[in-house]
1. If I filter the range B:138-150 for residues that are among the aliphatic types (A, V, I, L, M), free of Cβ contacts under 8 Å to residues at least 40 places away in the same chain and farther than 18 Å from A:ARG256 by Cα, do I get at least one hit?
2. Which residue, of A:ALA305, A:ALA317, is under 21 Å from the mean Cα position of the chain (by Cα) and under 30 Å from A:MET77 (Cβ atoms)?
3. In the range B:42-55, how many are at pLDDT below 95 and within 14 Å of another protein chain (Cβ to nearest Cβ)?
4. Out of the residues in the range A:243-276 that are of a type in the set (Ser, Thr, Tyr) and within 14 Å of chain B (Cβ to nearest Cβ), state the one that is farthest from A:LYS416 (Cα to Cα).
5. Out of the strands (runs of 3 or more DSSP E) lying entirely within the range A:203-270, which hold 3 or more residues that are among the hydroxyl-bearing types (Ser, Thr, Tyr) and in contact with a strand residue (DSSP E or B) (Cβ under 6 Å, 6 or more places away or on another chain)?
6. Of the numbered conditions (1) within 26 Å of A:SER212 (Cα to Cα); (2) touching a helix residue (DSSP H, G or I) at 6+ places or on another chain (Cβ under 6 Å), A:TRP353 fails exactly one; give the number of that condition.
7. Which pairs turn up if I take residues in the range B:82-104 that are free of Cβ contacts under 8 Å to residues at least 60 places away in the same chain and among the β-branched types (Val, Ile, Thr) and look for partners that are in a helix (DSSP H, G or I) and surrounded by 14 or more Cβ atoms within 10 Å (Cβ to Cβ) with beta carbon separation below 6 Å, at least 6 apart in sequence or on another chain?
8. Checking A:ARG348 against (1) under 20 Å from the mean Cα position of the chain (by Cα); (2) buried (at least 18 other Cβ atoms within 10 Å of the Cβ): exactly one of these is not met. Which one?
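The values are calculated or read from the model by the stated rules, or taken from the named source; none is laboratory data. For clarity, every value in this text was computed on a predicted model and none was experimentally measured. Counting neighbours? That spans all protein chains shown, and the Cβs are built from the backbone with ideal geometry, glycine included.
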Amino acid sequence: MKLVKKSAALLCLFLSPLQGAGEEKSVTFSKDIAPIIFENCTTCHRPGQIGPFALTDYKTVKRRAKQIVEVTEDRTMPPWHADPGDVKFSNNRSLSPEQIKLLSDWVTAGRPEGDPAETPPLPEFHEKWQIGEPDQIATMTERFTVRAEGSDIYRNFVIPMNLEEDRWVEAIEFLPGAPEIVHHILYFLDTSGKARKYDAEDKKPGFSMSKSNAGFSYIGGWDVGTQPTELPHGLRFLIPKGADLVVQIHYHPNGREMTDQSSVGFHYSDKPTARPWSIIQVPPHFGQMQGIEIKAGDKEHIEEASFILPEDCEAFAVNAHAHYLAKRMELTATLPNGKAIRLLRTTRWDFRWQEDYSFEKPVKLPAGTRLDMLISYDNSASNPNNPTSPPKNVKWGPQTTDEMGSITLAAMFETKEQKEATHNALRFFLANQFIDRIWERRADVGNGNGNGNGNRKGQLQIAVGMLKALDKDNDSMLSPEERKTAIALIQGMGFLKRFGAIGFE
Amino acid sequence: MNHKFFGAASVILLLAIASLFGGERDSIRLKDSSGKLVEPLANKGQKATVLFFLTTECPIGNLYSPEITRIVEQYKKQGVTCLAVYAHEKAAEVQKHQRDYKLSLRALLDPEVKLAKFTGATVMPEACILGHDGEILYRGRIDDRAVKFGTVRPAPRVRDLRMALDAVLAGNPVAKKVTKPIGCYISFPEGPLPKSPK
């Protein structure tokens with residue numbers, strides 16, 4: 001009898017907070033949950049789209065309820081990796097703490113549907129192209145087969161644009177052929193014919209990542225869940241006539257052999273770009289000359305780089321790039337008046353999600369502004385993203401088992417001269433890093449330890465010889481004057497010309 | 001109340017629980033994807049049975065398909081029966097999934113989640129090893145490649161299910177009987193949602 005009383009009391013204790021919560025709020029699917037899901041999840045989570053399952057009605061959402069609470073609470077979903085900071089982003093996809101709590105309360109309350117008549121209709125989604133039928137659709141010329149499992153696959157595909165005149169582009173949209181496996185892509189333009197040559201030489205469709213994309217003009221990217229690229233502020237970029245589109249696709253095998261044939265849609269404009277614009281990458285060329293070397297087991301390896309803007313500009317978007325080991329990435333602008341603006345900070349960098357973060361309002365960065373970039377890498381075995389087990393020493397390289405890292409601002413200028421001066425400053429920055437790297441390796445050349453293939457070894461020998469010759473006082477140091485001469489020489493050399501800011505407007 | 005009485009009471013209680021479970025186990029009859037009635041837990045001379053709780057739409061589960069097929073083929077020779085268990089799909093959907101992902105094991109439809117309730121499975125994919133007498137010898141992940149939603153190692157470091165199966169077949173106790181699987185949750189139609197496994 002006593003026991004019964006006790007358990008009854010316990011039961012009351014257990015039930016009362018639940019009942020209280022239920023009565024006060026009475027969270028229901030139709031009234032509270034459907035608007036959150038339909039507005040924030042369903043655009044990807046519906047049949048035929050990239051979300052792996054549909055969230056389109058009470059039944060499908062109820063079934064996934066527990067998972068939805070978990071991934072929204074840990075902010076895995078919706079995908080958004082920028083920490084809240086000094087600037088607001090116009091494409092912020094994250095849910096508010098109140099929305100996340102509502103989802104959790106609904107599950108606690110037993111996932112009630114409420115009155116089905118109250119459920120809002122699904123928003124009007126487009127079935128294929130999200131921003132309307134493009135003016136030109138460029139589709140991969142062949143289907144590419146991706147195996148069922150194993151490491152990720154990168155592949156470049158060349159698509160002739162066959163343009164008979166230069167065209168200004170105002171928006172690009174990517175349409176994955178096999179949304180289950182296409183993870184992210186980068187677009188380039190090639191006017192040299194090199195990409196076609198690589199494609200012809202490679203037996204399989206497209207060509208491999210071992211071929212350099214140097215000389216191609218980077219024009220943007222797409223990742224799972226991003227919106228189509230619509231350039232803001234009347235900006236456009238140019239596709240020169242005769243250019244080929246090179247699409248670099250990153251595939252994730254998903255347990256089943258699949259084939260992909262993706263398309264890119266272009267929206268053209270009769271008007272040229274409203275202003276000159278470009279990208280400012282710190283450090284340039286994804287950190288190739290940064291001298292990245294991350295020791296196996298190092299839990300917090302820091303890379304830093306700073307660049308001073310030579311001209312005024314207005315930044316309108318930011319994007320970070322590194323591979324699997326990066327954890328924290330930051331870009332801060334310190335204005336000439338000392339004011340610091342954090343343009344991007346992510347403590348949850350995830351290689352699988354490579355978002356562009358668009359500023360709600362352009363950020364004015366006067367000449368003399370210093371951009372400080374910081375990336376922290378975790379090359380320990382406890383980093384679940386570490387692609388190598390046990391960890392190995394990692395250097396800069398294009399494979400995902402290598403590392404790289406930089407943060408890129410998209411910025412507009414008043415004049416072409418400002419843009420050109422900014423590009424030149426970035427090339428100067430890169431040339432300086434290049435000299436540092438060669439100078440570091442001058443001992444290797446003398447004793448024959450220089451690694452790499454014959455051609456690169458030869459190039460290194462020439463470069464070291466040149467720098468040694470410039471070291472007039474032979475003190476194994478380059479004075480600022482000697483360095484200036486070296487940079488001038490290097491900037492004229494063919495194999496550096498391909499580095500530096502990639503500009504288009 | 002003396003010790004003898006207490007001891008006897010425990011034995012009776014244990015027997016009662018055992019018979020309860022035994023009864024439940026024998027009564028589990030499910031249709032497979034071709035409509036045939038199957039008693040998945042009946043002793044038919046198999047050394048062990050592996051249940052794979054699966055769903056057609058979970059990207060993590062689908063990623064495991066080639067490994068599941070390898071386990072099915074490899075352990076078949078050693079007298080292990082493998083069964084897939086689907087709680088949320090219709091026969092045609094299961095058949096298509098098995099074809100698409102080249103899954104070569106018999107698939108059961110369990111809309112009332114009887115097997116999940118019997119074994120305590122909560123996730124898809126989750127594996128459960130049953131001894132020939134129906135004893136639960138292992139329950140949990142197939143291996144450690146999935147870390148959390150959206151984070152999957154390029155290759156597993158610990159192959160828990162294979163280790164457990166090897167121990168069972170060698171007549172050894174399973175070192176780690178329960179592990180935490182990562183994947184999509186089995187949706188239990190009524191009652192509260194089960195807590196996340198530890």
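1. Among the residues of the range B:138-150, at least one is among the aliphatic types (A, V, I, L, M), free of Cβ contacts under 8 Å to residues at least 40 places away in the same chain and farther than 18 Å from A:ARG256 by Cα, which makes the answer yes.
2. Step by step, each of A:ALA305, A:ALA317 is checked, and only A:ALA317 is under 21 Å from the mean Cα position of the chain (by Cα) and under 30 Å from A:MET77 (Cβ atoms).
3. Number of matching residues: 0.
4. Among those that are of a type in the set (Ser, Thr, Tyr) and within 14 Å of chain B (Cβ to nearest Cβ), it is A:THR259.
5. Qualifying strands (runs of 3 or more DSSP E): A:263-269.
6. The failed condition is (2).
7. Listed pairs, sorted by first residue: B:VAL85/B:LEU115.
8. A:ARG348 satisfies every listed condition except (2).
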